[in-house]
Amino acid sequence: MALLQISEPGQSQAPHQRRLAVGIDLGTTNSLVASVISGSASVLKDANDQWSIPSVVHYSDKHASVIGNAAQEKAADDPFNTIRSAKRLMGKGADDVRESWLAEHYQFNYDGGSIPAFKTAAGEKTAIDVSAAILSELRLTAEQTLGGDLVGAVITVPAYFDDAQRQATKDAAALSGIHVLRLLNEPTAAAVAYGLDSGTDGVVAIYDLGGGTFDISLLKMQRGVFEVLATAGNTALGGDDFDNAVADWIQAQAGVSQLPDQGARRQLLRLARSVKETLSSAMLAPYELKLNADITFKGELSVQQFNDIIEPMFKKTLAPCRQVIRDAGIAKTDVQAVVMVGGSTRVPLVRERVSQFFDQTVLTDIDPDQVVAIGAAIQADVLAGNKPDSELLLLDVIPLSLGLETMGGLVEKIIPRNTTIPIARAQEFTTYKDGQTAMALHVVQGERELVSDCRSLANFELRDIPARTAGACRIQVLFQVDADGLLMVSALEKESGVLASIDVKPSYGLSDGEIEQMLKASIEHASEDVRKRALAEQKVEGSRVIEAIGSALAADGDQHLTADERSDVDALIENLKQSLEQDSSDAIKQAIEKLEAGSSAFVERRMNASVKQLMAGQELEELERSLVSADDLSDS
Ligand code: ADP
Ligand code: MG
C-alpha cells in the first residue's frame, strides 16, 4: 500500500486540486448527504450531529422555513404547514395529487399552474420547492463539513421514476443551487456502495423498501461494469403505508371512530411509526394513546399481529420481484446476492420473506439507510474527476417503453422498456392521406397497446411536408434519451429536410404552458375497475410473451431446439393464445408461466449464444462515451 502524504501546516492541498462533490439520497422520508473523504465514502453529519434529516419542511409567515427535525416537531401542532413526503408528488399532475393520501392531509391549489401547490403560511409551495429546501439544507451541511463550494452532486432517484419525476428532481437541484453531475438510480448506488463492481460477475437483486417507494432492480456485473437488467416497483408503497395501517389498527383498538383533527392523526401516525420501529427489535410494543386531557388508552401490539397487518402490503412487493426476473429473462436461481436497502427492510418479516423468495440470506451488512448515499458519493467522486483512472461505469435503463401514437390510437414502441441509456433510436413513418402536409406526433410512455392506456408525454407537429400521395413521404422520427433518462424527440421529412423537435421536459409552470397540457392529460387513474385492468395487463403481457417467443423462434428456433422441444413450445403458445380469448387473468397468468417455464431452456441457449457478443460491443461504446464526458467535466 502506498504511504499517505501529509502536507506542511498551511500548505495543505488547495481546494481546486480535489473537487468537492457529494452524493445525495433525496428520500421520501429521510435525506442524507455523503462524500468521499481520504479515499472512503461516509455520510456527513449536520450541525446537530445528525447524519440524516427527515424530508420535512415547515413553512410559516413569521420566519424562514425550517427543515428536517425542527420541521418534524411542528407536524402535530401545525400540520398544514409541515410538508412531508413531497417526493411522492414530484412530477405529478393535479389528478394524481387528488387521488393520493396526501390530498387528505394538506390543502392544495390545483389550478394555479401546471402542477398543484401546497397552500402554506409562506405561500404556495410545489413539491419541487419543498425538495429544493431539503437539498439546500444538505448543501449547507456539505459545504460546512467539507469547507468549500461544491462542484456538484450525484442525486439518487428511484429506478422507477419516469421522465417527469426525474426532471422535477433536476429542477429542485437547480433551485437549490446544486449542479447535478448525474441522476443515479438508487439501486445502482446501493450496488456501488457494496463494491459489487469488484466482486465476481453475476446478477444481483436490490430490494429497496423505504418510506414511500418500493423498487426492485436486477443489476448485472461483468468485468467491473454494472448494467441494470430490469427494474420494477411501486411508487406508492412503503413504510408510510405500514404506519397508516398500524395507526388505523390502534385507532380501532381504542374505539375511536373519528379523530378530532389532522394534528391528532399526525400524532397517531408518529405513535404508529414508533410502535412499528420498536417491533423490528422487540416481540411486543406497548403504546399509550392520549384521547383527551383525562383519558389515555393503553395497549400493545405484538410482532405476530404486526406481521398480519403488514402482510398484504409486503406481498405487493413480490409481483414486481417476479416481473424483473421475467423481464431480465433469467431464473430466480441466477440471482447471486440480494441487497437490502431502505429503512423498512429493518422489519424482520421483510428480511425473512425476501430471503425465502430468493432462497438465500439477504445482505444487510451496510446500514440500509446509508447505502444509497454512500454509493452516490463514490460515483460523484468519479464524475467530479477525482479518480481519472476509475473504471466504474454505470449503465441505466429506461423504466417504461417510449413510443408514438399511430393510426387507431395504437402505440408504436420506439424504445422498449429496460433499454440501456443513453440511447438513440429512429423509426420511419409515412403519411396517411394523399396530399397530407402536416403530421401530428404524440409521444407516449407505457407498456399498454392503446394510447389511452399510456401516459401522454408530449405533442408536436411536423409541418410543410411536401404534398404527395399517401405513403410516399418518409418521415424519420428519432428518440434520444440522455444519461439522466431525459427524452428528446425529433421528426425529419427526408426529401425536403423539414424538421421539428421537442424536448420532453415537463417543467411545471417554470415556463412552458404547452407542457402543462401534457401533464393534465397524462396518467390513467385508479378509478378504473381493478379487475378489468389486471385482465387487460395480463392480456398485453400474454401477447407480449407470445410475440417475444414467437419472434425468437422465427429467428433461430431451429438452431436451438429439437423438433420435439419445438412442438412442446408451440403447444404452450397455443395454450396461451386460447387463454387470451377468455376473461380470466389468472388463467392467462398460468399460461404465461407455463410457457415461460417450457421455453426457459430455449431462452437460455439463445442468451448464451448472443448476449456476450452484444455486451462486449456496448461496453466499448460506453467506455468511449464516458471518457469523453470525463474530459468535458474536467474542463468545466
Ligand atoms: P425513503 O427512501 O423513502 O426516504 P428510508 O429508506 O429512509 O425511506 O426509510 C424510511 C422508512 O423506514 C420509514 O417508513 C421508517 O419508519 C422506516 N424505518 C426506519 N427504521 C425502522 C425500523 N427500525 N423498523 C421498521 N421500519 C423502520
Ligand atoms: Mg430510500
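The values are calculated or read from the model by the stated rules, or taken from the named source; none is laboratory data. Keep in mind that what you see is a predicted model, and the values were worked out from it rather than measured. Using ideal geometry, Cβ is built from the backbone for each residue, glycine included, and neighbour counts are taken over all protein chains shown. Note: accessible area is taken over every heavy atom of the protein model, side chains too, but ligands, DNA and RNA are not part of it. Shrake-Rupley method; radii C 1.70, N 1.55, O 1.52, S 1.80 Å.
Name the residues in the range 136-167 that are within 16 Å of ligand 2 (Cβ to nearest atom) and part of a helix (DSSP H, G or I), would you?
Of everything in the range 136-167, those that are within 16 Å of ligand 2 (Cβ to nearest atom) and part of a helix (DSSP H, G or I) turn out to be 138, 165, 166.
Does at least one position in the range 368-381 carry a residue that is under 22 Å from residue 31 (Cβ atoms), away from ligand 2 (no atom under 16 Å from the Cβ) and charged (D, E, K, R)?
yes
Picking from 55, 60, 85, 65, which residue would you name as being more than 25 Å from the chain's Cα centre (by Cα), under 13 Å from residue 131 (Cβ atoms) and touching a residue at least 24 places away in the same chain (Cβ under 8 Å)?
Just one listed residue meets the conditions, 65.
Looking only at strands (runs of 3 or more DSSP E) that fall completely inside the range 402-512, which ones have 3 or more residues that are open to solvent by less than 40 Å² (accessible area, probe 1.4 Å) and either modelled with pLDDT of 75 or more or in the same structural domain as residue 541 (by TED's automatic domain parsing) (or both)?
402-406, 410-415, 439-445, 455-462, 475-481, 487-493
So which residues in the range 343-362 are of a type in the set (A, V, I, L, M) and either within 16 Å of ligand 2 (Cβ to nearest atom) or open to solvent by less than 10 Å² (accessible area, probe 1.4 Å) (or both)? Explain how you work it out, then say what you get.
Step one: filter the range 343-362 for residues of a type in the set (A, V, I, L, M), giving 347, 349-350, 354, 362.
Passing the criteria: 347, 350, 354.
Which residues, taken from the range 271-293, are under 18 Å from residue 304 (Cα atoms) and open to solvent by 70 Å² or more (accessible area, probe 1.4 Å)?
Residues satisfying the conditions are 277, 281, 283, 284, 286.
Considering the range 445-471 alone, what residues qualify as being closer than 22 Å to residue 160 by Cβ and touching a Lys or Arg at 6+ places or on another chain (Cβ under 6 Å)?
445, 446, 454
Search the range 595-606 for residues that are of a type in the set (Lys, Arg) and pair each with any residue that is open to solvent by less than 40 Å² (accessible area, probe 1.4 Å) and assigned to a helix (DSSP H, G or I) when their beta-carbon atoms are under 9 Å apart and the residues are at least 6 apart or on different chains.
605/560; 606/552; 606/556; 606/560
Residue by residue through the range 162-195, note down the ones that are basic (Lys, Arg) and open to solvent by 20 Å² or more (accessible area, probe 1.4 Å).
Residues satisfying the conditions are 170, 182.
Just a yes or no: is a residue in the range 260-270 within 16 Å of ligand 1 (Cβ to nearest atom), open to solvent by less than 20 Å² (accessible area, probe 1.4 Å) and either touching a residue at least 40 places away in the same chain (Cβ under 8 Å) or assigned by TED's automatic domain parsing to the domain that holds residue 345 (or both)?
yes
For residue 201, state whether it is over 17 Å from residue 362 (Cβ atoms), within 12 Å of ligand 1 (Cβ to nearest atom) and surrounded by fewer than 24 Cβ atoms within 10 Å (Cβ to Cβ).
Taking the combined requirement at face value, the residue does not satisfy it.
Give the residue, chosen from 340, 313, that is open to solvent by less than 70 Å² (accessible area, probe 1.4 Å), under 20 Å from residue 236 (Cα atoms) and not in a helix (DSSP H, G or I).
340
So residue 215 fits all but one of (1) surrounded by 18 or more Cβ atoms within 10 Å (Cβ to Cβ); (2) out of contact with any Phe, Trp or Tyr (no Cβ under 7 Å at 6 or more places or on another chain); (3) assigned by TED's automatic domain parsing to the domain that holds residue 90; what number is the exception?
(2)
For the range 145-161, which residues satisfy the criterion of being small (Gly, Ala, Ser) and either open to solvent by less than 10 Å² (accessible area, probe 1.4 Å) or not assigned by TED's automatic domain parsing to the domain that holds residue 35 (or both)?
We begin by selecting, within the range 145-161, every residue small (Gly, Ala, Ser); these are 147-148, 152-153, 159.
Within the range 145-161, 152, 153, 159 meet the criteria.
Among the helices (runs of 4 or more DSSP H) contained in the range 45-109, which hold 1 or more residues that are out of contact with any Pro (no Cβ under 8 Å at 6 or more places or on another chain), more than 16 Å from ligand 1 (Cβ to nearest atom) and under 30 Å from residue 147 (Cα atoms)?
So the answer is 69-72.
Filter the range 316-337 for residues that are open to solvent by less than 60 Å² (accessible area, probe 1.4 Å), touching a helix residue (DSSP H, G or I) at 6+ places or on another chain (Cβ under 7 Å) and touching a residue at least 60 places away in the same chain (Cβ under 8 Å) and give the result.
The first filter runs over the range 316-337 and keeps only residues open to solvent by less than 60 Å² (accessible area, probe 1.4 Å), leaving 317-321, 323-325, 327-331, 335, 337.
Filter once more, so that each one left must be touching a helix residue (DSSP H, G or I) at 6+ places or on another chain (Cβ under 7 Å): 318, 321, 325, 329, 331, 335.
Once the filter is applied, which keeps residues that are open to solvent by less than 60 Å² (accessible area, probe 1.4 Å), touching a helix residue (DSSP H, G or I) at 6+ places or on another chain (Cβ under 7 Å) and touching a residue at least 60 places away in the same chain (Cβ under 8 Å), the range 316-337 yields 321, 325, 329, 331, 335.
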